[in-house]
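Beneath this line is the structure, given in structure tokens, with notes to follow.
The numbers here are math on the coordinates, done by the rules we state, and not lab data. All values derive from a computational prediction rather than experimental measurement. With ideal geometry, Cβ positions are generated from the backbone for all residues, glycine too; neighbour counts draw on all protein chains shown.
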Amino acid sequence: MDNELTVRIESLSNLGYGIARADGVVIFTEGACPGDLARIKITKRNKSYYNAEILEVLEPSSHRVKPFCAMQKVCGACQLQFIDYDYQLELKRGIVEDAIRKIGGLDVKIHNIIPSPQTKKYRHKIQYPVAQTKVSKRFLAGYYKSGTHEIVNIKHCPIQPEICDEIIHFVREKAPEFGISAYDEKTHAGLLRHVIIRNSAAFGRNLVVLVVNSDKILPEVQRFAIALYDAFEDASGVCVNFNTKRTNVIQGEVSKCVAGDDFIEEKILDKTFIIGANTFFQINPKSAENIFRYVKDYIGENFENPDVLDAYAGITTFGICVSDVCESVVSVEENTESCSLAKKSLILNNINNVEINNTDAGEFLSREKRKFDAIILDPPRKGCSKEALDNALRLTKSKIIYVSCNPATLARDLKYLTEKGAFVESIQPFDMFCHTYHVESVAILDFSQNI
Ligand SMILES: C[S@@+](CC[C@H](N)C(=O)[O-])C[C@H]1O[C@@H](n2cnc3c(N)ncnc32)[C@H](O)[C@@H]1O
């Protein structure tokens, strides 16, 4: 096969690449939309597939649109922004369907994806790496260019609330004035590594975290953090996180609050949640609210006063949302900060039927003896271990509600659960991460026939 060729893009891969075929080889092309006729160039020949880049779109797909962000082509954050939103949704439903069929071996109808209520300004957590130019020492902050560690200096990002741009602008301009240098990951020198902003969709408040290559608060960081807090009326607090390791992990284990509070409040359904600097919380609260409502309605409509287990609970978001329709909720989460904030949220919302367990979910499931009417599993991208799934089956009286941000591991785990006798009742995808290939799904499984 020549290095340059003309292909018709047939479909979209689970990582957002256009898929074409030539001489029986699958070719993954970045920035290609199904339907495009394109001249492409092979960039890498792997054993069973090739990677390619677009040289020219000869006949554009009817679903191509002009990206609303000028940086779309260079920034790695919104891979699908050049595709119209309705078609993005259709493609993402296809990604879930494909995984469930090919990896899970299951023939289950995948419902139409529930769109995000907002497709711009939806992202309420940002984490920008920081760098400095070699000669002028100008500060750069933004997402990495796709597949690299090269920072795209983002002055305006339309998928985030505008206040995030303003805070980042302040950091870029003022940090050098306070004598703060930017971290250089090659030399491991320099101070400021990342700026993290958590914005509350309901209250508009912002928690800013400055991740520094230091194990204590240096005077210049202290002064800068206070100046930042004073400059923004809507800053709820500024924290400093210490990370001196040569690692891609963004935050270190210890943070200190320098000004204001070390949390923000968010409202989901009728409940108020306290979110910390290093606790998991969905980045698109409005779309997440659709998921929490969906699960709450399902439990409310299918049970009377059930006992529910919320595993991989974070700040017990599911557990607290469904607590009104439950007799009891038991939550399990390994992150200590998440558990202590969950306890504060329980007090704030006057809830007293939720038990919080700060431990490993697999370990908890293996030693637990109580049975539950429904078990919510919301694991990280890698999914659940077989042991955790076995124990979830042992502990459920009927339903498992599996919430997943990774169709591939969802499909693998559903395959395992169905082989053990569970029945997949429904799979409902949600669009939480508009303009990216990421998709969230809720699968409901029934195991009552096997008890
Ligand atoms: C995808 S998040 C879901 C959080 C929560 N359900 C929500 O929607 O906000 C996964 C959570 O699982 C937690 N986690 C990861 N591995 C765990 C384990 N082995 N045991 C308990 N919790 C774990 C993470 O700390 C994180 O809070």
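For the chain, what does the relative contact order come out to in percent, with C-alpha contacts under 8 Å and a separation of six or more?
On the way: 1020 pairs, mean separation 55.8, N = 451.
In percent, rounded to a whole number, it is 12.
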Hydrodynamic radius by Kirkwood, which averages 1/r over all alpha carbon pairs of segment 372-451, in angstrom: 12.7 Å
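Per residue, what volume in Å³ does the convex hull of the Cα atoms of segment 4-64 enclose? Walk me through the numbers before you get to the answer.
Details: hull volume 4.4 nm³, N = 61.
So the per-residue hull volume is 72 Å³.
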Between segment 406-437 and segment 24-58, the alpha-carbon center distance in angstrom: 28 Å
Rounded to 5, the percent of DSSP beta bridges in segment 174-311 classed as antiparallel: 70 percent
Selected from Ile95, Ile83, Ile42, residue furthest toward positive end of dipole (segment 39-194; charges at beta carbon): Ile42
Per-pair calculated FRET efficiency, R0 = 60 Å: Gln222 and Asn112 via Cβ, rounded to 0.05: 0.70
Per residue Cα convex hull volume in Å³ - calculated over segment 53-200: 178 Å³
Relative contact order for segment 4-64, counting Cα pairs under 8 Å that sit 6 or more residues apart, in percent: 31 percent
Residue-averaged [θ]222 nm for the chain, counting only DSSP H segments that reach four residues, each worth -39500 (n - 2.57): -7500 deg cm²/dmol
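Listed here are the pairs Lys134/Lys155; Lys286/Lys369; Lys145/Lys267; Lys44/Lys73; Lys125/Lys245; which of them are more than 30 Å apart at the Cα? Kindly include the intermediate steps, with their values, before the conclusion.
Values: Lys134/Lys155 20 Å; Lys286/Lys369 36 Å; Lys145/Lys267 33 Å; Lys44/Lys73 20 Å; Lys125/Lys245 23 Å.
Those over the limit are Lys286/Lys369; Lys145/Lys267.
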For Ala259, residues with placed amide H under 5 Å, excluding near neighbours: Val238
The chain: antiparallel DSSP beta bridges as a percent of all, rounded to 5: 65 percent
P(r) of the chain over all Cα-Cα pairs, binned every 20 Å from zero, in whole percent: 23, 52, 24, 0
Orientation-averaged projected area, Cα convex hull of segment 125-265 (nm²): 8.1 nm²
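With +1 on the Cβ of every Lys and Arg and -1 on the Cβ of every Asp and Glu, and nothing else charged, how large is the dipole of the chain about its Cα centre, in debye rounded to the nearest 20?
On the way: 55 positive and 59 negative charges, 246 e Å.
The calculation lands at about 1180 debye.
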